[in-house]
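The values are calculated or read from the model by the stated rules, or taken from the named source; none is laboratory data. Note that the coordinates shown come from a computational prediction; the quantities given were computed from them, not determined experimentally. Don't worry about glycine lacking a Cβ; one is built from the backbone with ideal geometry, like all the others, and counts go over all protein chains shown. Side chains included, ligands, DNA and RNA excluded: accessible areas come from the protein's heavy atoms. Shrake-Rupley method; radii C 1.70, N 1.55, O 1.52, S 1.80 Å.
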Amino acid sequence: ETGVTQSPTHLIKTRGQQVTLRCSSQSGHNTVSWYQQALGQGPQFIFQYYREEENGRGNFPPRFSGLQFPNYSSELNVNALELDDSALYLCASSLGGGAGEQFFGPGTRLTVL
Amino acid sequence: RKEVEQDPGPFNVPEGATVAFNCTYSNSASQSFFWYRQDCRKEPKLLMSVYSSGNEDGRFTAQLNRASQYISLLIRDSKLSDSATYLCVVNDNAGNMLTFGGGTRLMVKP
């Protein structure tokens, strides 16, 4: 069984740029959730994709967008990067819309300068 | 007011000690409750689910009080390897959004 993988591991961008983060869900899982974890805080829910459709969204602006592909992998896109977007971005995969246990990937650490 | 509140700690305890963490949540409609463990610069991992009847997994005991909207985690006979941040997590009633507390940092010393 393959676990959740994310790429890249680390990323440095400048204000105003755009970034795409990628997540491959665990084998057999059809749901991917994305979280932002700022330093010293708990993860904050960004949104969830279930069977290629957005299935819930947290309190994040529209410049945070996502996609889920037919193989259930997912992308998180952030436009017009701000300094406060610097954080660890975690994806979690699960089965059945997130009601089951969510398994987290190792995260992508984004630094915005 | 945060939806899930925890004492950030750190809790510094000697090996073998018993330590308890508490957490309160604000959404009375929350359906599922968990404790996750997060090691430094790693991803969160599920430690245990929390049920109204209380549940135990080895040295770890979790309790839920729905009336008080309060969750607890008790760790007995602390090990050095228990040093981590413990995250209290609540799942909304739609089942698709985990709400995390800020975490409680535990440091177990020799």
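What the Cα convex hull of the protein assembly as shown gives, in volume per residue, is 126 Å³.
When peptides B:77-86, A:104-113 are ranked by their average number of other Cβ atoms within 10 Å per residue, the highest-first order is A:104-113, B:77-86. The alpha-carbon of B:LYS2 sits under 21 angstrom from the alpha-carbon of none of the lysines, leaving out residues fewer than 8 places away in its chain. Pick out which of A:PHE103, A:PHE47, A:PHE60 has the largest mean-square fluctuation in a Gaussian network model of chain A, springs linking Cα atoms closer than 10 Å. Highest fluctuation of the listed residues: A:PHE60. Within 10 Å of the Cβ of each residue in B:41-48, the mean number of Cβ atoms contributed by other protein chains is 5.
If you plug the beta carbon distance of A:THR9 and B:SER68 into 1/(1 + (r/R0)^6) with R0 = 30 Å, you get a FRET efficiency near 0.15.
Would you kindly calculate the translational diffusion coefficient of chain A, applying Stokes-Einstein with the Kirkwood radius from alpha carbon pairs, for 20 °C and a viscosity of 1.002 mPa s, and quote it in µm² s⁻¹ without decimals? Don't skip to the end; give the middle numbers.
Details: Rh = 13.8 Å.
It diffuses with D of about 155 µm²/s by this estimate.
Surface listing: B:SER28, B:SER72 arranged by accessible area from highest to lowest gives B:SER28, B:SER72, probe 1.4 Å.
Modelled spin labels at B:GLU3 and A:GLU53, positioned 7 Å past Cα toward Cβ, are 2.1 nm from each other. At the residue level, A:THR14 shows approximately 70 square angstrom of accessible surface with a 1.4 angstrom probe and all protein chains present. With all pairs of separate Cα atoms included, the range B:36-110 yields a Kirkwood hydrodynamic radius of 13.4 Å.
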